[in-house]
Each structure stands twice: as C-alpha cells, then as structure tokens.
1. Okay, which of the stretch 326-368 sit inside 11 Å, backbone N to the point 7 Å along the Cα-Cβ direction of SER243?
2. If amide H atoms are built 1.01 Å from N in the plane of the peptide, which residues on other chains or at least 5 residues away come under 5 Å of the amide H of GLY448?
3. Describe numerically, in nm with one decimal, the distance between label points set 7 Å from Cα along Cα→Cβ at ASN79 and at ALA324.
4. Mind pulling up the Rg/Rh value for the stretch 150-307? Radius of gyration and Kirkwood radius, both on Cα.
5. Please arrange SER369, SER262 by how many other C-beta atoms lie within 10 Å of their C-beta, fewest to most.
6. Given the convex hull over the Cα atoms of the chain, what projected area results after averaging over all orientations, in nm²?
7. Can you pull the percent of Cα pairs in the stretch 59-129 with separation above 18 Å?
8. Less than 14 Å apart at the alpha-carbon level, and either on another chain or at least 8 residues along: which aspartates and glutamates does that give for LYS465?
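Read-outs throughout are calculated quantities, based only on the coordinates presented, and are distinct from any laboratory measurement. Quick caveat, the model's predicted, so the values are computed rather than measured. Here the Cβ positions follow ideal geometry from the backbone for every residue, glycine too, while neighbour counts run over all protein chains shown.
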Amino acid sequence: MSTPNTVLAPDPANRAAAVKVVARIGADQAPVSNAIEVHDPHDDTVIGYVPDLDTDQALDALTRAHSAGRAWAATTPRNRADILRRWYDLLVDNADEIALLITLEMGKTLSDARAEVTYGADFVRWYAEEATHHTGTLRDAPTGGARLLTRHAPIGLAVLITPWNFPLAMATRKIAPALAAGCSVVVKPATLTPLTTLFAAQLAVEAGVPQDLIQTVTTSDAGSFSNAVLADPRVRKVSFTGSTGVGKVLLRLAADNVLKSSMELGGNAPFVVFDDADLERAIEGAVLAKMRNGGQSCIAANRFLVQDGIADAFVEGLTERLAALNTGSGFATDVGLGPMVDHKAVRRLQGLVDDAVSRGAKLLTDGSSYAGAGSYFGATVLDQVPVDAHVVTTEIFGPIAAVQRFATQQEAITRANDTEFGLAGYVFTENLDRAFDVADNLETGIVGINQGVPSNAAAPFGGLKESGLGREGSAEGLEEYQEIRFYNLALRGTH
Ligand code: NAP
C-alpha cells in the first residue's frame, strides 16, 4: 500500500488575491443582521458573508424579476445576444478573479477552477449565438391548404436552484439560456458557495443585463424558499441541479402549478474498460473522469468496470497516477487534489471506504490519513469491490476509485445499468463497433467514448432514469425556457 502525501499549504499571494475578490464584490463585511457565513474548506476560516433572506424577501425579489421580465421579453433576440456576448467577454476578462473566488469558497484546485470558468463562460457565449436562432418554424401542412407556424416564445419567470460543486458553470448553464430565450430569473445558489454566483450576476449587470432581471436569493432555508416561490403563479419554470432526493421534492411542488421542470440530478457513472482499449488512453481518461473537481462531479466515474485481461495493468496504472497526486489547498503550487467541500463529505467518504473494506474490497491507496486536517480526503483506490458495497450502489462524490472486474461485454452492460441513475457512462475500446454497441445499450444520457470529459456547451447534457429530466447546453437547452406556440394559417387555392 502506498502512503498518501501530506496536505500542501496555500500559496499566500494567490489566497490574498482571492480575499480581495471577496471585497470587490462587497461580501467581506457581515450584513447588520441575518448573515450566512461562507467558509474556506481548506481551514474552515470565514471568508465572506451573504444575506440570509427570508421568504418575504425572496418573494420581493421574485416581484422585481417578474417586472423586469416583461420588458426583457419584448427585446429583440439580437439585443439579447449582444448583451450576452458582452457578459461572456467580461467573464473572460475577469477569469482569474472568478477562478480565485471559486477556489476560495469551494476548495477545488486553481487549475480546476480556471477550467470551470472556461466551461461556465462557454455557455454564455453559446447562448449569445443561439439567441437569434430557434425563434420559430414554418411548415406546409402535409394535406395542403395551410401553413403551420411555430413561435418559440419565452416561457416567463424561471426559478433556478444550483449546487456547490460548479458554482459558476451550474449557474451560467441555466441563466444564459433563460436570458437568451427572453426570461427573467430568480437564482438560488448553494449556501456553501454563493459568492461566485453573486460575482457572475454583477458582471451580467455590468454587461447590460437590466438590474432586476437576475435576482440572486441567498438563504439558509432552502425548503421554505422553494415552498414559497414555486407556489407563486408568476413562476412558470423551475430548473434544478442537485441531488435526486431534493429534485423529487421540487417536482412534487412543481406539479401543483404544472411548471415546466428541468432536473439535473445525481449520477452513478459506469466507466467500462475493455481488453482491447488503449491502456494509456484509458488510464488518462479514468484520471480525468474520476478526479476532476476532486471527484465531486455528477458525471464523475463512480464504478470502474474493467475486463479481466486488462484489469491488473489498468489498476496498477490508475493507482500509480492517483497516489502521485499532491493533496492540499487549491491555492498550493503543484496541487492535484483540493479539500472536500466540508467535513460531512469527509465522514461520508470514510464510511464508504470502511463499508467496502468490511465486505472484502482491497484498499490500494488510502485517502483517510488526511482526516482531521481541514476537510481533506485523499485519492483512494479500491479493487475487487463487491457488487453490494455502498461505494458502488451510491453516488461517491469524492476521490474514491472503486474497481470491479468483468468477463463479457453483456456482463459489463448488465452491471453498468444496474442502478436507478442514468446520467453519464464511459466506454474505452479501440473497436468502433463495440464502442457504439455499448454506448447504445448503456442507459445513460451521456456517453464518453474514449473520452473522460464529455461535457460541452454545444451538447445536450442531462440524464435518464432518476438522473433527471430535460437538457442543458445546446439548442435543446434553450427550448427548456421556451414555450412553443402554433398558428395554423388557412390558404385558399388560387387556381
Ligand atoms: P443538494 O443538497 O440537492 O443541493 C442543491 C441545491 O438545492 C442547493 O442550492 C441547496 O440549497 C438546494 N436545496 C436543498 N434542499 C432544498 C429544498 N428543499 N428546496 C429547494 N432547494 C433545496 O445537492 P448538492 O449536495 O449541493 O449537490 C450535489 C448533487 O448535485 C449530487 O447528487 C450531484 O450529482 C448533483 N449534480 C448534478 C448535476 C447534473 O447536471 N446532473 C450537476 C452537478 C451536481 P442549500 O445549499 O442551501 O442546501
């Protein structure tokens, strides 16, 4: 068994620069009353404050967004596109500062935070381009005598609820298509990471988005917030990214007013490696699919299913790569893995490892030696994990690689699909026929084929089964904020 590295300290200059960003957005002073403290997961120090709004204040924000939405819906698609493009430019101009803020409040490494800014800003650029497309269609009635016109109208006021793991990208992936479609929004960021969303919303206003159009509501009482706003008849859309449990609660609330609902929920991604895979490519893909964001990603590889003939070499290579990652503050030089978002996450991960080992899994690298210093959990590899271990039946959301072995393609597909989730899957093989055969049979909305990072602003991101409803990114992501109206124009024959 190899020994994990010690926790690296932050680079003081980077951390000091991040603290300045908190001051720039006005979150360095506690509000007079009802503040939520925001913490640095590296050492739990308080780094900023946001107001803890009650339901009356949330409904006031909703009223402001609703009023601003009327004028916005009447703007031209070109006008909205130009403003979104300016927002994109400002996100890029401020990329360093946004990345510093993400690392400070969420913990991920600065290089992961920079990658998130690129990814998050890309949704704004994409929807600046899409805003002028998909505004409607014209078709001939198949039986003649009529033209069928569709108009893609803005659906109206949208409530957006986002998680802590990608505080910029999960917000822009919703706000940008909503604004492009002509909607106003109330956005509730996660309580652990509200600062990045506030910063992005400030930049949107600087870019020309009307002051009241994006209302960011920070609250420590998410349940009361959703009960109040989703009952308001002015709301026509809810878009949520987070756990499946909360998603089901929101769907029940949405049912009362028959709200159009988008749900980006949890995952349990199978990562299937066949004997005929390129070993180096598979290991590289596995490191990316497992370790991006410290494993705290909904599409993170959750179960490595590896064919018997390649399994030993794959496990050896993956273990070597993960054991070599330096763990420490996201601001540290040469860091490969930052802290988990909080101590609760560390305790949960420890429980998953203990459970797997008690059921007979082999522990090849042990991340638990970081427990106690900040909210750290190091990269961990478990081999020969039994099918009933919790680490394979639940979403890990952390840097634990759980390896299982299989003999045949059919066995791999059956086991890959043996979950209520269906967000992402991965297949590594050099055989194109096999790649498509497996991709077609995986019950997931997204498949990475010889690819560890499948997300793209131009692609429809979303899950099957209990991983969600609807899609984000691409033209499909715009339709989530549109209602399609249809006019039937009767034609008289002229001959
Ligand atoms: P979470 O606990 O479900 O929280 C997500 C958001 O929902 C937070 O803003 C949270 O607020 C809020 N929330 C909690 N209870 C609520 C309620 N009753 N009504 C309204 N809002 C409520 O999830 P998380 O721990 O932040 O995120 C991790 C989960 O998100 C994982 O399951 C992951 O797979 C999933 N995820 C999915 C995708 C995707 O695209 N499919 C992407 C990223 C993450 P508070 O912060 O105040 O609790």
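1. Residues 345 qualify, since their backbone N sits under 11 Å from the label point.
2. GLY425, TYR426, VAL427
3. Going from the ASN79 label point to the ALA324 one covers 5.6 nm.
4. 1.06
5. Numbers: SER369 17, SER262 24.
If I rank by nearby Cβ atoms, fewest first, I get SER369, SER262.
6. Numbers: hull surface 101.1 nm².
That works out to 25.3 nm².
7. That fraction is 54 percent.
8. Within the straight-line cut-off, LYS465 pairs with GLU264, ASP418, GLU420, GLU443.
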